[in-house]
There are 2 protein chains.
Amino acid sequence: MDQRDRPLGVFDSGVGGFSVVQRLRSLLPDESIIYLGDTARVPYGTKSKETVLRYALESTRFLKSQGIKLLVIACNTASSMARDELLNSCEFPVIDVVEPGARFACAVSQFGRIGVIGTYATCKMKTYSQLISKLNPSFKVFEHPCPLFVPLVEEGWVQGEVPKLIAKKYLTPLVPKKIDTLILGCTHYPLLKPIIQEVITELTEREIFIVDSAEAIASQVKATLMAKDLIKSKGNNFFKAYVTDLSAHFKTLGKTFLKEEFFEIKKVSIDSL
Amino acid sequence: MDQRDRPLGVFDSGVGGFSVVQRLRSLLPDESIIYLGDTARVPYGTKSKETVLRYALESTRFLKSQGIKLLVIACNTASSMARDELLNSCEFPVIDVVEPGARFACAVSQFGRIGVIGTYATCKMKTYSQLISKLNPSFKVFEHPCPLFVPLVEEGWVQGEVPKLIAKKYLTPLVPKKIDTLILGCTHYPLLKPIIQEVITELTEREIFIVDSAEAIASQVKATLMAKDLIKSKGNNFFKAYVTDLSAHFKTLGKTFLKEEFFEIKKVSIDSL
């Protein structure tokens, strides 16, 4: 098989990575994609590095066995905790979810004051801070965990009084930091982007640039495929989603994230990863 | 070893079962307890029956290997999905988290109109409805999922505007049901009991009896030990907590649930379950 016709591999701890797949499918409609959501062991954000690393290596092994040409780590926790190990274990390009968003934020930030919101694990690892200070040592980064955003999205409460109140509570500590750019450091957050934009504008009384990591990743994947001459020629393509646990809830949420009504989804046992 | 000196075994998907341990330690201070929290695979509430059953059997096998004299399934999802299989696989008494609360609610309900709040999985299984209608066929049960309560407790937001607003949103649909009793059908919910009591009283303008399942379980364990002559004689005892993933977050939350500052906690690999 022509290397270019091989699928892209994407994995996440759950359904969140579908926001990345949605952007990939819209930017690179000819590419085939294989997705793995480790829903039997979601979430990763509260787990230790050792455990997350083990799960990430298992997911990568599964996607390798499917003959992928590029790997997207569509999970912030796994990107923070397992990026280097995954890079070392793969003979094809690996794109994580942190670097594209960080680079994009550095490019658009006017005054070099960047806020990052994500899970406890992501913020605690300070991956964004470390990476941005390498890219531009004069930039200041302020990371702030918003752990209730993921369950809010999964409950479907993405507008109205409750998410607004929670967003206010989480974003208020960022106001005195005078940020000009805010990175959504979790693949669930794009669904809350309108309310985050509204609240941060209200609180700061300024326009804050919101960086949607999923968009940044899709652009980075396209650039990498072009640079390596791996862009698929037109023709048949497919999207296959595998999950380690298949629930009705996942199917419903999957449609919301993917903005598609029909897609192939199969269960794969954690033993076979 | 005298059968009576063996420890009680308690398992849950995560830290929630500590609310049961807290009640057990206060009601039965002489007993030894071994706890297993399957934190590497928490939560169970969004997973399929097949997966939850597998995890519950693995946890039970581990506790059996520790020589327990009684098993408490301190997880509502596992109680709903795996109770019968666990009963069949154990040669000692097994107490689940659903039956004691259901029995207690039936005993205290004045007009036989009982509300139950829990995770999606618990409410969908309708375990409380089925059990209560067996205990008293004339009783009406109204189950309502409150999935954001668990992350709220884990975030430590158990009082103030946000939990109050969320509780109002979740409990309002129960008002027209004219319930007189409300079962907290999740081991995380006892920490929200004050706010739930406040909101349901405000909404219904009546006193609603709140059934804390953890309290009901502890009473049932005591009654069972007495009936089977398994009460431990005074003397040395211990409390050991095992988790499949050990994070700083778990240690902090554990103290809140347990209302104790110091306790022994060890990691056990999921491979050895």
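The values are calculated or read from the model by the stated rules, or taken from the named source; none is laboratory data. Remember, predicted model here, so these are calculated numbers, not experimental data. FYI the Cβ positions are ideal-geometry reconstructions off the backbone, even for glycines, and counts take in every protein chain you see. Accessible surface areas use protein heavy atoms only, side chains included; no ligands, DNA or RNA. Shrake-Rupley method; radii C 1.70, N 1.55, O 1.52, S 1.80 Å.
Quick look at the values:
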read-out: Å² per residue, accessible surface of the stretch A:141-223 at 1.4 Å; value: 37 Å²
read-out: Helix B:193-204 vs. chain B, principal-axis angle (Cα, 0 to 90°, nearest 10); value: 20 degrees
read-out: Sites B:K177 and B:E198, calculated FRET efficiency, Cβ-Cβ separation with R0 30 Å, nearest 0.05; value: 0.95
read-out: Value of Rg/Rh across the stretch B:1-106 [Cα atoms, Kirkwood radius]; value: 0.95
read-out: The stretch B:116-273: relative contact order in percent, alpha carbon pairs under 8 Å with at least 6 residues between; value: 18 percent
read-out: Per-copy distances of the B:K259 label point, shortest first, in nm (7 angstrom along Cα→Cβ); value: 5.1
read-out: B:H188 - accessible surface, heavy atoms, 1.4 Å probe, Å² rounded to 10; value: 20 Å²
read-out: Rounded to 10°, Cα long-axis angle of helix A:213-227 versus longest principal axis of chain A; value: 50 degrees
read-out: Cα gyration tensor shape for the protein assembly as shown, rounded if a/c is under 1.5, else prolate or oblate; value: prolate
read-out: Restricting the stretch A:43-134 to GluC sites (Glu not before Pro) in coil, as DSSP defines it, with at most 15 other Cβ within 10 Å; value: A:E91
read-out: Solvent-accessible heavy-atom area per residue, rounded to whole Å², over the stretch A:1-134 at 1.4 Å; value: 34 Å²
read-out: Distance in nm between pseudo-label sites at A:A223 and B:N88 (7 Å out along the Cβ direction from Cα); value: 5.8 nm
read-out: Magnitude of the charge dipole, the stretch A:116-273, Cβ model with Lys/Arg +1 and Asp/Glu -1, debye to 20; value: 440 debye
read-out: Over chain A, equivalent-ellipsoid semi-axes from the Cα gyration tensor in Å; value: 29, 21, 18
read-out: Simple label model, 7 Å out from Cα along Cβ direction - B:D5 to A:K49, nm; value: 4.3 nm
read-out: Amide H partners (placed H, <5 Å) of B:E143, local residues excluded; value: B:V116
read-out: Size of electric dipole in the stretch A:1-153: Cβ of Lys, Arg +1 and of Asp, Glu -1, about Cα centre, debye, nearest 20; value: 400 debye
read-out: Protection proxy ranking, peptides A:120-130, A:32-42, average beta carbon neighbours within 10 Å, highest first; value: A:32-42, A:120-130
read-out: A:T252-B:E264 pseudo-label distance in nm [points 7 Å out on the Cα-to-Cβ vector]; value: 4.4 nm
read-out: Accessible area buried between chains A and B, both sides summed, probe 1.4 Å, in Å² to nearest 100; value: 2800 Å²
read-out: Set A:K49/A:K259; A:K124/B:K266; B:K69/B:K240; A:K47/B:K255; A:K126/A:K169 screened for pairs whose C-alpha atoms are more than 25 Å apart; value: A:K49/A:K259
read-out: Karplus (6.51, -1.76, 1.60) ³J(HN,Hα), θ = phi - 60°, over the stretch B:18-28, in Hz, Gly and Pro reported as x; value: 4, 5, 6, 4, 4, 5, 5, 5, 7, 7, 10
read-out: Total charge dipole magnitude, the protein assembly as shown, about the Cα centre, Cβ charges on Lys, Arg, Asp, Glu only, Debye to nearest 20; value: 80 debye
read-out: Global geometry of the stretch A:102-241, whether rounded, prolate or oblate, following the gyration tensor of its Cα atoms and the 1.5 cut on a/c; value: oblate
